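Heads up, the thing below is written out as structure tokens.
The values are calculated or read from the model by the stated rules, or taken from the named source; none is laboratory data. None of these values were measured; they are calculated from a predicted model. Here the Cβ positions follow ideal geometry from the backbone for every residue, glycine too, while neighbour counts run over all protein chains shown.
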Amino acid sequence: MRIGVVGHARDKLTPETEHKAREIIRGILLAAEKPVVAVSGHSPLGGVDLILEEVALELGIPTDIKAPKDHSWDGEYGFKARNLDIARDSDEVHVIVVKEYPPGYTGRRFASCYHCAKMPGNDPKSHCKSGACFTAMQAKRMGKRAIWHIIE
């Protein structure tokens, strides 16, 4: 089973939510149908992607890392192409996001997740906006399972 795990960058995580994300990822990988390959987007901003890689290494689970070559959306193998590859190369995609922006967060803020607003059945106000939801939306369009884990 090829498990894609995507989610927030480090700046949207507190030590507490990072710990919860680590627990969620460990549970996902341990419960997955064997053999397992963990598919990561290797975000240059850290966060869920790198936590996945660390947990997979601890558990002895191989990884398929889709590191962007260009740190822009539409660049040559930028974030969009990387996210589409994660969706295509995963049997299922797990999205790990936080419900609210952490105290002191200085990045861009959105009232809701505009990716989830485009998906019937998803609550765009249930979590902070994340490009991870774009990846899951693409996986769903490909007929694959997408699961959200929203950290309170």
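Among residues of the stretch 1-17 that are farther than 24 Å from Ala139 by Cα, none has a beta-carbon under 6 Å from a residue that is at pLDDT below 95 and not in a loop (DSSP other than H, G, I, E, B) at least six positions away or on a different chain. Evaluate the following for Lys99: is it among the charged types (D, E, K, R) and either in contact with a helix residue (DSSP H, G or I) (Cβ under 8 Å, 6 or more places away or on another chain) or touching a residue at least 24 places away in the same chain (Cβ under 8 Å) (or both)? Here the answer is yes, as Lys99 does meet what is asked. Do we find a residue being charged (D, E, K, R) and surrounded by fewer than 21 Cβ atoms within 10 Å (Cβ to Cβ) anywhere in the stretch 37-52? No - not one qualifying residue is present in the stretch 37-52. Look at (1) in contact (Cβ under 8 Å) with a residue 40 or more places away in the chain; (2) over 12 Å from Gly7 (Cβ atoms); (3) surrounded by 16 or more Cβ atoms within 10 Å (Cβ to Cβ) and you find that Asp85 fails only one, number (1). Could you check, for the stretch 97-113, whether at least one of its residues is buried (at least 18 other Cβ atoms within 10 Å of the Cβ), within 15 Å of the chain's Cα centre (by Cα), at pLDDT 95 or above and not in a loop (DSSP other than H, G, I, E, B)? Yes; the residues of the stretch 97-113 include at least one that is buried (at least 18 other Cβ atoms within 10 Å of the Cβ), within 15 Å of the chain's Cα centre (by Cα), at pLDDT 95 or above and not in a loop (DSSP other than H, G, I, E, B).
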